[in-house]
Amino acid sequence: MFRRHDKSSQAKGDNVTIYFEDVPIICKPTDSVAAAVLLSDPGYTRRTPVTKAPRAPYCMMGTCFECLMDINGVENQQACMVPVRDGMKVRRQNGVPILPGDSKEPGND
Amino acid sequence: MTEPADLIVIGAGPAGLAAASLASKHNLSVLLLDEQAAPGGQIYRNIEHNITHESETCAILGAEYAYGAALAETCRASDVTYTPGATVWRIDPDGSVAYSVNGAAHTAKGRRIILATGALERPVPIPGWTLPGVMTAGAAQTLLKASAMLPSGRVVVAGTGPLAMLVTLQLIDAGADIAALLETTRKRDYFSNAMLLPGAMAGQDYLRRGMAMRRAIRASGVPIYGGVTELEARGDGQVSSVRGRSGGERLTFEIDTLLVHDGVVPNIQATRQVGCEHEWYEPQRYWRPVRDSWGTTSIDTITVAGDGAGISGARAAEYLGQLAALDAAYRLDKISMADRDSAARPIRSAMQPHTAIRPLLDGVFTPSFTTPHGDDTIVCRCEEVTAGEIRTAVAQGVMGPNQIKSFTRCGMGPCQGRNCGLTVAELIADVQGVPVSDVGYFRLRPPIKPVTLGELAAMDLSETDS
Amino acid sequence: MFGAAIAYGLSRAGVDTLMLDGHDNNLRAARGNFGLVWVQSKGKGLQRYADWSRESACLWSGFAEELTDITGVSIAHRNDGGMMLLLGDEEVEKRKLEIAEMSKQSGATGYDCEIITHADIQAYFPDIKLGKAVTGASFCPHDGDVNPLKLLRAMHSGFVNSGGRYKSRCTVNTIDHANGVFTANTQEGQFLAPKIVLAAGHGISQLAESVGIDAPIRPQRGQVLITERIQQVLPMPLNSVRQTDEGGFQFGNSEEDIGFDDGTSLDVVQNIALRAVQSFPQLSTVRLVRNWGCVRVLTPDKCAIYEESISHPGAYVATSHSGVTLAAINARLVSKWIATGEQPTDFNHFSASRFHVQAT
């Protein structure tokens, strides 16, 4: 779907590895997760809750909520608003997210 | 922040940066909140990184983009407390703001607030617009700015508005394979409006530049089709072709990416959530906050600046930010009214050529996709509500956007109507035969962006002294 | 909600009915409705109302089926019971006392509500972890819930399909009465009928006065939170938490005396969020997507008012904040009362005149 442009400082600074559906993607620290995933030609990045229709990022600025993805096990994150971090595991979201796993109770005061 | 700041500025695009910097210069304590990791908003997205590390990308984006570096630098050098990565999710008329940074929710209070939340793309509800591979022209430009990326396969750009032409040219320059630019601008608008401008040289200058861009696009081998109608994206699971009609000719292009654009509209999520009054701007068919000549809204503590107040472009945004800052300084007793007014004079003069071309631009690039023709076209992307469902509900007597929301779930999804609010209003107006301004808009509720229950539960509400 | 249910019942019975509705932005209590079909909290101080609520809950399944059959709209009605979660020992003790009081008040009819333990509750919810703070719950087998927006839509649809006429942007400003005919004066014109039902929620007191009924209501705000959609894990509604059929978690049940302000406030929102994550810790990473206030239509004893005017026969008032719970009985029995005069048993208990009697 997308690639670095010909005149970009291509090799320079591409030093982050994230995993999309277990496949590594080499990207820059300034990339958003959505941008990095688009480098890998993902086809689609989520299926909708209502009809399971395939969707992919649309606006890249945080207003369309199409880029919702599972990042490190937490679903419904706007991938275009999350900067990549080395080792991140990103997955497509499939319909309605599951209830997140056990978490600490609040009020640790 | 334990004490209220003098000023909270929300948005670090040109309006927000300029407002924050100038306010700080006038000895106001300023908190600048922005959801991106770096300053620049959308128009100057990633400017600091690109200026230093991506000279080639800067060359493609041109001098107008590079201009933003100075705005960012001035703000960084000032005493502004700049908090990037801050997603504002609630604003109150008393100056309270709730926002989240790094998974923790905070509150802050300002004696005044300047909202500089900019613009977003008008929805483009054509058949197939929800297919993977269909994106906005702005999205492609953002990928260029933020990640030095461009579409790897065959691209068509379709729609109307200065950005459609600009992005086409920039992508060509970057090496993209653009099959065509399909302009939905009505030919009669081009010609009738070209005559419009009463002696404004800026307008003619703009037209000349526009013509030059079109020549450059054609010279690179990319055809431009005009007066395009019946635009449709097609594909199975992702976009594979785009169809349209130009003159008598049926057009079809096999593509991997379709970039659509129908102009930009003010981002009114924040102004509506806090309860400002809005007015309908008919030439470009959008809602904008009611404001005075300094940007003060119907809520006295809240000022708007930049495209969020009404589309006027990046340069005007900077000046509007400065005017808002001057007014804030005056209202907070840092400068006299006379000083405010005399400082404002050169700013208004400098702004004038940038706002003078607006009537021309607004008249030429009228929205193309306000009312989807087919009943199967999706209007609400989040909840997958079609134009037909909305028309049926209206015909059954459901009169307003909020009732439509209750009846069809249109507007209840995560985007809160950002991509369907205008379309719904146009559809209701169309079926009822009333002006869109009478129809109204969704009632927008907090949170402006989602926030976790855990963050809410753990928030320290005593951070702001009421 | 009241109006739609009664109108639905009337038009299904063949009565020529015109429903006059207000504007898009009116304070519509129906839009704030939580969606509970709730019995266990109803009728303290007025046993007839406790019974009325229970009767409605029993009619609900049939009503839901009928709506789905007629309109094709599934309204996601559940009727397998509901709970009021109790956090800490004090809440359990307080609830035990309330249950004892209601049992006494209900006498032979009985009050079907019992305290269950943390382990009992967890057994009902195998797919979501119950927080340590939950010390118990009061369970009532008659409680349930429904999708309130789908309900409203289905009743509206059923009403129109049965020949009912609906006019929007038609706020009734005043009512005239002459020669057995009522005239509703609106900005869209005048509408005449021999009978008029005031189910206008917040618009009601003034209009009721003009037809000789005193219907004292006061506003009370409740704030509601709704989250993003999550896979179904909560098969039963709780009084302050339910998972909608679309998957969002809905929280609420706050009570504020703040007039007609349907806004929201962070302190109340935080309290609701805190209780939510104390009850179900896994919800702490689930995102809030909407928060709104809704103004309840409260009568002085929180029980319904149903009354036909003595001075203006043919004018009726019907109101309560429990529009969803009572939708079934409103559609069945209240519409019948209006159409034929046939009163449900001991209906006079619901007259507003009960507020004019000195408390004993």
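Just so you know, all these numbers are worked out from the coordinates, no wet-lab data involved. Predicted, not measured: the structure shown is a model, and the values here were computed from it. For neighbour counting, all protein chains shown are included, and Cβ atoms are generated from backbone atoms with ideal geometry for every residue, glycine included.
Converting the Cα gyration tensor eigenvalues of the protein assembly as shown into ellipsoid dimensions via √(5λ) gives semi-axes, longest first, of 51, 31, 28 Å. For B:LEU251, the residues whose modelled amide H falls within less than 5 Å of its own, excluding neighbours fewer than 5 places apart on the same chain, are B:GLY244, B:ARG245, B:SER246. Projecting label points 7 angstrom from Cα along Cα→Cβ for B:GLN204 and B:GLU254 puts them 4.8 nm apart. Residue-wise HN-Hα couplings along the range C:79-84, as the Karplus relation 6.51 cos²θ - 1.76 cosθ + 1.60 with θ = phi - 60° gives them from phi, are 9, 9, x, x, 9, 10 Hz; Gly and Pro carry x.
If R0 is 51 Å, the Cβ-Cβ spacing of B:ALA395 and B:ALA66 corresponds to a FRET efficiency of close to 0.45.
With a simple spin-label model that places each label point 7 Å from the Cα along the Cα-to-Cβ direction, the separation between B:VAL101 and B:GLU279 comes to 3.7 nm. For B:LYS145, the lysines whose Cα falls under 22 Å of its own Cα, not counting residues fewer than eight places away in the same chain, are A:LYS7, A:LYS12, A:LYS28.
Evaluated with a Cβ-only charge set (Lys, Arg +1; Asp, Glu -1), the protein assembly as shown carries a dipole of roughly 1760 debye about its Cα centre, given to the nearest 20.
Taking the DSSP beta bridges with both ends in the protein assembly as shown, the antiparallel portion is around 70 percent.
Counting only Cβ charges, +1 for Lys and Arg and -1 for Asp and Glu, the dipole size of chain A around its Cα centre is about 420 debye.
Computed packing ranks the peptides C:342-354, C:180-192 as C:342-354, C:180-192, most packed first, by mean other Cβ atoms within 10 Å. Among A:MET69, C:MET236, B:MET135, a tally of other beta-carbon atoms within 10 Å of each Cβ gives an order, fewest to most, of C:MET236, A:MET69, B:MET135.
For C:THR135, the amide hydrogen comes within under 5 Å of the amide hydrogens of C:LEU86, C:LEU87, C:GLY88, counting only partners 5 or more places away or on other chains and with H modelled in the peptide plane. Cβ-Cβ distance of B:ALA77 and B:ASN27, R₀ of 22 Å, FRET efficiency by 1/(1 + (r/R0)^6): the value works out to about 0.90.
Out of every Cα-Cα pair that the range B:123-262 contains, those further apart than 25 angstrom amount to 26 percent. In the protein assembly as shown, a dipole from Cβ-located charges (positive for Lys and Arg, negative for Asp and Glu) runs towards its positive end, and of B:LEU33, B:GLY306, A:ALA79 it is B:GLY306 whose Cα lies farthest in that direction. In this structure, the amide hydrogen of B:VAL451, modeled 1.01 Å from its nitrogen in the peptide plane, lies closer than 5 angstrom to those of C:LEU288, counting only residues at least 5 positions away or on a different chain. Where only DSSP H runs of four or more residues are counted, chain C gives -9000 deg cm²/dmol as its mean residue ellipticity at 222 nm, each run worth -39500 (n - 2.57). Sorted fewest first by neighbouring Cβ atoms within 10 angstrom, B:MET213, C:MET102 come out as B:MET213, C:MET102. A straight Cα-to-Cα reach below 26 Å connects B:LYS405 with the lysines A:LYS52, B:LYS449, C:LYS150, C:LYS167, residues fewer than 8 places away in its own chain not being considered.
Is any helix in chain C, taking whole DSSP H runs, at least 24 angstrom long along its axis by alpha carbon and on average at least 0.0 on the Kyte-Doolittle scale, and which ones? Qualifying helices, which must be both long enough and hydrophobic enough, do not occur. If each residue's Cβ is checked for other Cβ atoms within 10 Å, how do A:SER40, C:SER322, B:SER312 rank with the fewest at the top? Going from least to most buried by this count: A:SER40, B:SER312, C:SER322. Beta bridges per DSSP, both residues in chain B: antiparallel share near 50 percent. What is the sum of charges around B:GLU230, taking Lys and Arg as +1, Asp and Glu as -1, for the other residues whose C-beta is under 9 Å from the C-beta of B:GLU230? Around B:GLU230, the surrounding residues sum to +2. Largest mean-square fluctuation among C:LEU87, C:LEU234, C:LEU97, in a Gaussian network model of chain C whose springs join Cα atoms under 10 Å apart, belongs to C:LEU97.
Across the range B:367-374, coupling constants 3J(HN,Hα) worked out from phi with the 6.51/-1.76/1.60 Karplus curve, θ = phi - 60°, read x, 9, 10, 5, 10, x, 7, x Hz, and Gly and Pro carry x.
Mean silhouette area of the range B:378-434, derived from the convex hull of its C-alpha atoms and averaged over all directions, reads 3.1 nm².
The phi torsions of the range B:103-114, fed into the Karplus equation with coefficients 6.51, -1.76 and 1.60 and a -60° offset, translate into couplings of x, 10, 8, 9, 10, 9, 10, x, 6, 9, 10, 10 Hz, rounded to whole numbers, with Gly and Pro shown as x.
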